[in-house]
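Every number here is computed from the coordinates shown, using simple stated rules; none is lab data. Keep in mind it's a predicted model, so treat the numbers as computed, not measured. For neighbour counting, all protein chains shown are included, and Cβ atoms are generated from backbone atoms with ideal geometry for every residue, glycine included.
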Amino acid sequence: MGVLPLTVTDAAARLRAGELTSVELTAALLARADVVDAEIGTYVTRLDEAALAQAAKADEDLARGIDKGPYQGIPIGIKDILAVAEGPTTANSLVHDRSWGAGQDAPVVQRLKAAGAVITGKTTTFEFAIGSPDPTKPFPVPSNPWNLACSPGGSSAGTGNGIAAGLFLAGIGTDTGGSIRIPAAWNGTSGLMPTFGRVPKSGCVPVGYSLDHIGPLARSARDCAAMLAVIAGYHPSDESCVDRPVDDYIGALTGDLTGLRIGVERANHFPPGADPALAGCFEAAIATLVDLGAELVDVTLPWYDEVTTALWIMMWAEAFAYHRNDMTERWEDYYPLTRINVGRGALASAADYVQAARVRRVAQREVGRLFDQVDLIVGPTTAGGACTNEALADPTKEFGELFKVFTGYWDAVGNPVLAVPMGFTHDGLPLSLQLAARPFGEATVLRAGDAYQRVTDWHLRPSTLLATLPAA
Amino acid sequence: MTEPDATGEDIATTVRAALAAAGLSPTEEELAGLVAGYPAFRARIDALYAIPETRYASPALVFDPAPVFTDWSD
């Protein structure tokens, strides 16, 4: 079998070359989970038996010449707020109705299964994708494979840390205020938030109806492109899903950025307290993009604080509508930060909600005007590396602390954004670059991310934990 | 909207009343945290109304009069 592959692309090639079988790969990664999962809390539910059966089917199909694409036979994790027929959906919550989605696959999961993917389990999320870990609750407390004392970020915590720990090669996350890109950033992986409406979000427990996105996390932009090609496209069960053709995301990966105009956003991305290494890593990353042929233009995102506020207000209000009845009866069963975040939704008025939606509208127009001048806008994903779980869970944390992650603005306006690793903090934790494009411009962000990763290896660096595990 | 010169007591009353109206029963510690954070929270919301460009803008909300009702699990 040899050294286990890190990327989907490598694994897919080796499966087709007969150097590796999906059953061998899946069994080896499940064996790794036996060793480390209790420590890092990746899985809420493991689906070993079903995964090995899916792997055997993938091998059998490949042997018969049935090739369903790059994800055939590839072990992946699914965030535990999406329905997967083989296991319960918990949303990491005592409150969530376990009968919801029982025995059913979310449309995204249906598509991944049809593409031959091997689902190894349901991965840890922060409660309802809006809370934070709580050791007093009977669910895993996830940790970061780069430093076990740190959080892997969230809310797609288990998908992010599972890739970094080498427990699967890719996975599904969701992003309402940054929940794909933050764990991608803090675990040193890539993660793509597609355009709002590009991927159907039905079959997924909602956080903010007007803000939720489902998307891939994987080591590389190329692997994210291959997964997006599987999960993107209209589905009638999601009223916000857009019926328009799916681009050729893999075909867009040319490795060349000649002529690409990149807007560089520094004004809102370097707050006091940013990691000392952030600016240097960021400047080095954009210099690499220039070397690849891009042209730089300085830009400033309009109404940065207001648009980010609009995101949080609408998310909390929409989440509160979903949770109100349960929360009035089962307050103590919710995690502390879920109670605070969702409870804030009760402190905003209906007029505040509508005004936030008006801010989003005018911001979309102005951001659209920026994209008349540039093809991409880049900035850091967060101001620093992973913090501790305790810091993350602090319910007294000031609202302004949320402004040290730079993800929410893009959820509010709905554009696609790719996060890719770009270096390390002063104390060795991953840092990340965000690349945003016009609506439905996923091919452009993936092209840039892939080109960057052809000449850098940040995305291939093994986490501290993975480096201690047997490579084969 | 909280008046600019609202006292701590006013703020506590506002927060307590809003949560009670919503049927929520936070602990005293949680309530104290929400009260402490409320002025900044309210100020950020009030800033949303200070963007002149929103004066005649429609909200980013869409109502479909003829929705297709399809269950995702069908």
**OP:** Determine the distance separating the Cα centre of the stretch A:189-238 from the Cα centre of the stretch A:434-454; give it in Å without decimals.
**Re:** 15
**OP:** Amide H neighbours of A:Ser432 under 5 Å, at least 5 residues apart or on other chains, H built in the peptide plane: list them.
**Re:** A:Thr381, A:Thr382, A:Met422
**OP:** Work out how far the C-alpha atoms of the protein assembly as shown reach from end to end along every principal axis, then list the three figures in whole Å, largest first.
**Re:** 73, 53, 52
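Using alpha carbons only, what's the Rg to Rh ratio of the stretch B:8-53 with Rh from Kirkwood? Before the final figure, lay out each step's value.
Details: Rg = 12.4 Å, Rh = 11.5 Å.
Answer for the stretch B:8-53: 1.08.
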**OP:** With a point put 7 Å past each Cα toward its Cβ, work out how far A:Glu295 is from A:Arg369 in nm, to one decimal.
**Re:** 2.1
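To the nearest 0.05, how large is the calculated FRET efficiency for A:Arg454 and A:Ser240 if R₀ is 35 Å and r is the Cβ-Cβ distance? All intermediate terms of the calculation are to be shown ahead of the outcome.
Numbers: r = 34 Å, r/R0 = 0.98.
The calculated FRET efficiency here is 0.55.
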**OP:** Calculate the spin-label point distance for A:Glu332 paired with A:Asp34, positioning each point 7 Å from the Cα along the beta-carbon direction, and give it in nanometres.
**Re:** 4.0
Original post:
Which ³J(HN,Hα) values, rounded to whole Hz and listed in residue order, are derived for the stretch A:430-436 from phi using the Karplus coefficients 6.51, -1.76 and 1.60 in 6.51 cos²θ - 1.76 cosθ + 1.60 with θ = phi - 60°, glycine and proline given as x?
Top reply: x, 10, 9, 10, 9, 10, 10
Original post:
Which ³J(HN,Hα) values, rounded to whole Hz and listed in residue order, are derived for the stretch A:117-131 from phi using the Karplus coefficients 6.51, -1.76 and 1.60 in 6.51 cos²θ - 1.76 cosθ + 1.60 with θ = phi - 60°, glycine and proline given as x?
Top reply: 5, 10, 8, 7, x, 9, 9, 4, 10, 5, 3, 6, 6, 9, x
**OP:** Over the stretch A:259-311, consider all pairs of different Cα atoms and compute the Kirkwood hydrodynamic radius from their mean reciprocal separation; express it in Å, one decimal.
**Re:** 12.6
**OP:** Could you tell me the distance between the Cα centroids of the stretch A:82-139 and the stretch B:21-74, to the nearest Å?
**Re:** 26
Subject >> Interchain or long-range residues, amide H under 5 Å from A:Gly121's placed H >> reply: A:Leu47, A:Ile78
**OP:** For A:Glu295, enumerate residues with amide H under 5 Å from its amide H, sequence gap 5+ or separate chain, H modeled in the peptide plane.
**Re:** A:Gly259, A:Leu260, A:Arg261, A:Ile262
Subject >> Where GluC sites (Glu not before Pro) fall in DSSP loop in the stretch A:368-472, at most 14 other Cβ within 10 Å >> reply: A:Glu398
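Quote to one decimal, in nm, the extra length available between B:Tyr49 and B:Ala20 on full extension: 0.36 nm per residue of separation minus the C-alpha distance between them. Could the numbers behind the result be given before it?
Values: separation 29, 0.36 × 29 = 10.44 nm, distance 2.61 nm.
Full extension from B:Tyr49 to B:Ala20 adds 7.8 nm.
Would you mind ranking A:Tyr43, A:Tyr409, B:Tyr49, B:Tyr56 by Cβ crowding within 10 Å, fewest neighbours first?
On the way: A:Tyr43 23, A:Tyr409 30, B:Tyr49 15, B:Tyr56 8.
The most exposed by this proxy come first: B:Tyr56, B:Tyr49, A:Tyr43, A:Tyr409.
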Subject >> Mean ellipticity per residue at 222 nm, deg cm²/dmol - from DSSP H runs of n ≥ 4 across chain A, formula -39500 (n - 2.57) >> reply: -12000 deg cm²/dmol
Original post:
Taking a 25 Å limit on the Cα-Cα distance, which of the listed pairs A:Lys57/A:Lys79; A:Lys113/A:Lys201; A:Lys122/A:Lys404; A:Lys57/A:Lys122 fall beyond it?
Top reply: A:Lys122/A:Lys404
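Could you work out the local net charge near A:Trp100, counting Lys and Arg as +1, Asp and Glu as -1, over the other residues with Cβ closer than 14 Å to its Cβ?
Values: positive: A:Arg98, A:Lys122; negative: A:Asp80, A:Asp97, A:Asp105, A:Asp326, B:Asp71.
Value of the local net charge: -3.
Mind putting a number on the dipole of the stretch A:8-468 about its Cα centre? Charges go on the C-beta only, +1 for Lys and Arg and -1 for Asp and Glu, and I need it in Debye to the nearest 20.
480
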Subject >> For the stretch A:300-314, Karplus couplings with θ = phi - 60° (6.51, -1.76, 1.60), whole Hz, Gly/Pro x >> reply: 10, 6, x, 6, 4, 5, 5, 5, 5, 4, 4, 4, 5, 4, 5
Subject >> Whole-Å distance, taken between Cα centres, linking the stretch A:1-77 and the stretch A:285-347 >> reply: 34
**OP:** In nm, give the distance between the simple-model label positions of A:Asp305 and A:Ala467, each being 7 Å from the Cα along the Cα-to-Cβ direction.
**Re:** 4.0
